[in-house]
Amino acid sequence: MSDVVDPRSEPGGAEAEVPWQRVHPATPYLRGWLAIVVIFFAAGRQWIDGIFAPDGLQDVRSALPWIVGGGLGVLALVVAVFWVQWRFMSYRVTPKYVQLRRGVLMKQEREARLDRVQAVDIARPLLPRLLGLSELRFEVADGGESALKLEFLKAADAEALRVRILALAAGARHDAAGPGQANWPAPGTGLGTGGPAPFGADLPVAPGGAASGHPGDPGGGAGTAPSGTASPLGGQLSGPPTESAAAAWARRAAEDFAGHDPAGRVSGGTEDERIVAQVPVGRLVGSLLLTVGPWVALPLIAAIVALNLVGWGPGVFALVPIVLGGVAGLWGSFNRDFGFRAAVSADGLRLRHGLTNSNHRTVPPGRVQAVRLRRPWLWRHFGWVSVQANIAGYGNDQSGDTAGRSVMLPVGTLADAAAVLAVLLPEPGTPDPGGLLREGLEGSSREKGFECSPRSARILSPWAWGRQGFAVTERVLAVRTGRLGRDLVLVPHERTQGMRAVQGWLARSLGVAEVRLSTTAGPVNTGIPNVAAAAAGALLDGQVARAVAAAARDDTNHWLAARPGPGAHPREDRA
Amino acid sequence: MSKELIDPPGDWERVSPRLVAVQEISNLITSVVFLAIVAVPLVLRRLDVWPGYPEWISWTLGALVLLFGAIEAIVVPFRVRNMRYALRADDLCVARGVIFHQSEVIPYGRIQYVDVKAGPLLRAFGLCVLQVHTASPDAHPQIDGLSRADGERLRDELARRGEERLAGL
């Protein structure tokens, strides 16, 4: 994306013909409400303090006209400024770019290339959600700046735009929006039937996940609306026509908070998507409680309280910030991952989660740079796994509203994780992907092609050396680490940015090296510790050839563009 | 030597030996600067401007600076001799380091852009630094001490091979 002052226009005429569109008028208010509140608070505080001073009421009564006049004047000024800001905000979607124009004095124009789109998110923070608006965010991989944000659009418009942008990015090349006929087959069949099997093909599927299509919408009243609409452009709610506006608004808000998307595209699995994994509330709560934090903090707190009863040690009030911080963290995670639902569609993997801030994310297939399955020790009994991915553009930002964007599945069974992986990594490159996952996550042997660290590495990793290892399939490099908390990292060959082998003097005398794969920034660590030196050299030697071969075989930059067949894939034009 | 095992096979080329002179001079300058910084309080003490200053701090720090400078001066020739790069069929390999050895491989198609830089000292000796950038913040190998001609030739060659094999992200 580029922040340039002057718009850059394509030589072709197609770009110039697309008209600029306005965002919703409430946008500046929603973006700037905090500033208004601060201004009024700062101004009003002194006034309120004045009331409570002796004789204050007298002063106030005499000055009342001025105060009210001043307040109204400020309000009018604010409204005027916001209106002007809104007038100067516009966006448009051309066949090649998404462009956004902003700013009165300091003009800003951002654009994002559609064929570099890595992910499209729809975010609905609380306040815009109450008004039926949403925010569209694009992660684009050309330059590493932050996402392009389109704020705020009506929910239905945002959804239609998202579908259209993904269709354009997928190369379907049709102007009418709509998910299009899915040339991209559902993950059950795999892109090359008869060849290597996709993930999840042989793992027992949980009953909820396999149910194709439409788990019943609990709100029967909502049935009138969304699932019937075929065209997303016309995705307005079709309620009974005689409903009053207030009742309609109330019903929409209730549906939205009950877990339905008012545009009707995501909830319950509509005709163009299939749910592959869901996180029940009990499992989410269990997973949050079964992290190391509470189990370390609780005994500590209990010990301090007990000591206090005896009259020794720091006061109980010292615990308050710790407890509050811990609870806030837990609440934040719960809030973010509540109602997590992963579905597969022609656009890719659709993730929906969030309690107060509802988030709909779309990850096109094959765009992940690296995927990590993690099973902490406390989850082993339940067999739970969490899935995180490095996605170009998401970066390593782990705070605020972007925290948790790399989470593909906060907690789930191995079957759930395999179903999600089938979308993220469509071609695992081995005939037994389920076995690879099981061996990678649970095993520590040399089966399934895993090469382990040599015995001499015992000194460097006394606890985990037996399990550290890697396996190379046709399409993917699998790295296995950790003994208590088990990790399995999968990196597709064609996403290798570079590879480095590092050997300190101690490692050299022990005959091992550490191999690091370079991917785009993200939470997944793609290092292989303690590789035998000869194997490290061989890895470096062969990896690039494998990457080139893998990229030539399948290009997921335009995954919906016409393919001649599963056998021979022509090289798409790479931009 | 066992460290060669982690370098992939290829046509390895060395960097210019003039880099030794550049790095030794730079090491000398750094040591002198640090010695000066450490010596200032000592001088003040001797001139009775700052009588409370304990002299042993300066002596110890000064000794440390000299020690590290000497170690660096000894290691530099070995380090430069071990800096190598290779333009292989599909990728660029860069290897460096004596005690802490690193070997890095970058596919041509992943190269986003190539930087050729030269500070004043390098320019005086007719050398430059070539840095390769990819989409990953982790993968940006650097080749120090190429002659200017070599650096520009390499940059053009990398750009050409990168264009040929341009890979989407």
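For segment A:359-368, state whether one or more residues are farther than 30 Å from A:Glu494 by Cβ, part of a loop (DSSP other than H, G, I, E, B) and among the charged types (D, E, K, R).
At the first step, the residues of segment A:359-368 found to be farther than 30 Å from A:Glu494 by Cβ are none.
Checked segment A:359-368: no residue is farther than 30 Å from A:Glu494 by Cβ, part of a loop (DSSP other than H, G, I, E, B) and among the charged types (D, E, K, R).
Of the conditions (1) surrounded by 13 or more Cβ atoms within 10 Å (Cβ to Cβ); (2) not in a helix (DSSP H, G or I), B:Val65 fails just one. Which one is it?
With respect to (1) surrounded by 13 or more Cβ atoms within 10 Å (Cβ to Cβ); (2) not in a helix (DSSP H, G or I), B:Val65 is out only on (2).
Is it the case, given these coordinates, that A:Ala123 is under 19 Å from the mean Cα position of the chain (by Cα), among the aliphatic types (A, V, I, L, M) and modelled with pLDDT of 80 or more? Steps first, answer last, please.
Working: under 19 Å from the mean Cα position of the chain (by Cα): yes; among the aliphatic types (A, V, I, L, M): yes; modelled with pLDDT of 80 or more: yes.
Yes.
Condition first: open to solvent by less than 10 Å² (accessible area, probe 1.4 Å) and not in a strand (DSSP E or B). Now tell me which residues in segment A:476-504 satisfy that.
Answer for segment A:476-504, where residues must be open to solvent by less than 10 Å² (accessible area, probe 1.4 Å) and not in a strand (DSSP E or B): A:His493, A:Thr496, A:Gln497.
If a residue has to be of a type in the set (A, V, I, L, M, F, W, C), in contact with a strand residue (DSSP E or B) (Cβ under 6 Å, 6 or more places away or on another chain) and closer than 22 Å to A:Arg375 by Cβ to count, how many in segment A:292-350 make the cut?
Selection size over segment A:292-350: 3.
Quick check on segment A:445-463: of everything there that is in a loop (DSSP other than H, G, I, E, B) and in contact (Cβ under 8 Å) with a residue 24 or more places away in the chain, which residue is nearest to the chain's Cα centre (by Cα)?
A:Phe450
Could you list, in sequence order, all residues of segment B:117-142 that are in a strand (DSSP E or B), open to solvent by less than 30 Å² (accessible area, probe 1.4 Å) and away from chain A (no Cβ under 14 Å)?
B:Leu127, B:Cys128, B:Val129, B:Leu130
Criterion first (under 30 Å from A:Met408 (Cβ atoms), modelled with pLDDT of 65 or more and not polar (S, T, N, Q)) does A:Pro280 satisfy it?
So A:Pro280 passes the test.
Quick check on B:Leu154: is it more than 14 Å from chain A (Cβ to nearest Cβ), at pLDDT 90 or above and surrounded by 19 or more Cβ atoms within 10 Å (Cβ to Cβ)?
Here the answer is yes, as B:Leu154 does meet what is asked.
Taking the options B:Ala39, B:Ala21, name whichever one is more than 14 Å from chain A (Cβ to nearest Cβ), out of contact with any helix residue (DSSP H, G or I) (no Cβ under 7 Å at 6 or more places or on another chain), open to solvent by less than 50 Å² (accessible area, probe 1.4 Å) and assigned to a helix (DSSP H, G or I).
B:Ala21 is the lone residue from the list that is more than 14 Å from chain A (Cβ to nearest Cβ), out of contact with any helix residue (DSSP H, G or I) (no Cβ under 7 Å at 6 or more places or on another chain), open to solvent by less than 50 Å² (accessible area, probe 1.4 Å) and assigned to a helix (DSSP H, G or I).
Restricting attention to segment B:92-116, report how many residues are within 7 Å of another protein chain (Cβ to nearest Cβ) and not aliphatic (A, V, I, L, M).
The number of residues fulfilling the criteria is 7.
Answer with yes or no whether A:Ala507 is farther than 30 Å from B:Arg165 by Cβ and either more than 14 Å from chain B (Cβ to nearest Cβ) or buried (at least 24 other Cβ atoms within 10 Å of the Cβ) (or both). So that I can check it myself, show each step before the final result.
Values: farther than 30 Å from B:Arg165 by Cβ: yes; either more than 14 Å from chain B (Cβ to nearest Cβ) or buried (at least 24 other Cβ atoms within 10 Å of the Cβ) (or both): yes.
When the stated conditions are applied, A:Ala507 passes them.
Quick check on my filter: what residues within segment A:532-554 are surrounded by fewer than 20 Cβ atoms within 10 Å (Cβ to Cβ) and facing chain B (nearest Cβ under 7 Å)?
A:Ala534, A:Asp541, A:Ala545
Looking at segment B:92-114 only, could you name the residues that are among the β-branched types (Val, Ile, Thr) and either in a strand (DSSP E or B) or more than 30 Å from A:Leu510 (Cβ to Cβ) (or both)?
Matches in segment B:92-114: B:Val94, B:Val105, B:Ile106, B:Ile111, B:Val114.
The values are calculated or read from the model by the stated rules, or taken from the named source; none is laboratory data. Just so we're clear, the structure is a prediction, and the values are computed from it rather than from any experiment. Positions of Cβ are backbone-derived with ideal geometry, glycine not excepted, and every protein chain shown enters the neighbour counts. Ligands, DNA and RNA are excluded from the accessible area calculation, which covers all protein heavy atoms including side chains. Shrake-Rupley method; radii C 1.70, N 1.55, O 1.52, S 1.80 Å.
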